1. Note down all Cβ pairs under 8 Å where the first residue falls in segment 28-46 and is assigned to a loop (DSSP other than H, G, I, E, B), the second is surrounded by 11 or more Cβ atoms within 10 Å (Cβ to Cβ), and they're at least six residues apart or on different chains.
2. Considering only segment 125-143, state which residues are of a type outside the set (Val, Ile, Thr), under 17 Å from Ala63 (Cα atoms) and in a helix (DSSP H, G or I).
3. Going through Ala63, Ala91, Ala101 one at a time, which residue ends up being of a type in the set (A, V, I, L, M, F, W, C), more than 19 Å from Ala138 (Cα to Cα) and over 19 Å from the mean Cα position of the chain (by Cα)?
4. Determine which single condition Leu122 fails, assuming it passes every other condition in (1) open to solvent by 90 Å² or more (accessible area, probe 1.4 Å); (2) at pLDDT 90 or above; (3) at negative phi; (4) assigned to a loop (DSSP other than H, G, I, E, B).
5. Take Ala150 and decide whether it is open to solvent by less than 90 Å² (accessible area, probe 1.4 Å), in a helix (DSSP H, G or I) and modelled with pLDDT of 80 or more.
6. Specify which of the listed residues (Leu103, Leu88, Leu61) is closer than 21 Å to Lys145 by Cα, assigned to a helix (DSSP H, G or I) and open to solvent by 50 Å² or more (accessible area, probe 1.4 Å).
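The values are calculated or read from the model by the stated rules, or taken from the named source; none is laboratory data. For clarity, every value in this text was computed on a predicted model and none was experimentally measured. Counting neighbours? That spans all protein chains shown, and the Cβs are built from the backbone with ideal geometry, glycine included. Remember, those area values only see protein heavy atoms, side chains included, never the ligands or the DNA or RNA. Shrake-Rupley method; radii C 1.70, N 1.55, O 1.52, S 1.80 Å.
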Amino acid sequence: MSNNTPPQGKPAFADEADASPEDDFKPLSADEARRWRETQQPLSPWRIVAWQAMAGMGATLVAWLFGRELALSVAYGALAVVLPAAVLARALSRQTGTAGAALAGFFVWELVKIALTVVILLAAPKLVPHLSWLALLAGFVVTMKVYWVAAWLRPVRPKSPE
């Protein structure tokens, strides 16, 4: 027995001391799974794009109070989120086929979204006069973080009486 081996009877890791996850796991029957799916409202990617666009416009309006140049920078930062997200939403809404193909398509379009975002950000100094990188970053972050708010505020279907 080496010095690296934990003593018998004591768990090697803290999570090994907890009950096994298999103890609490109970698979759903086909009927239970169907009912669960009926209560879950799918989150539309277009809803998220709309929320992001509204947040970007709101941030731009607030920045307008501090000057036109800042507002343009904030708007461009928001555009760097909304435009690639709209491209991804469009691509995902057109997908058909098997689950594996859909997953592969998602990864490909996510890479396209990232590349488009990088290109938009790299073009900022040429396209935005008197660019403020801090304002652009603020518009980018505010618009990007709206995804979590949109996911949190999604409508939930009422449970059907049983």
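1. Gln41/Arg154; Leu43/Ala150; Leu43/Ala151; Leu43/Arg154
2. If the condition is that a residue be of a type outside the set (Val, Ile, Thr), under 17 Å from Ala63 (Cα atoms) and in a helix (DSSP H, G or I), then Trp133, Leu134, Ala135, Leu136, Leu137, Ala138, Gly139, Phe140 are the ones that fit.
3. Of the residues listed, the single one that is of a type in the set (A, V, I, L, M, F, W, C), more than 19 Å from Ala138 (Cα to Cα) and over 19 Å from the mean Cα position of the chain (by Cα) is Ala101.
4. All conditions pass for Leu122, except number (4).
5. no
6. After ruling out the rest, the residue left standing is Leu61.
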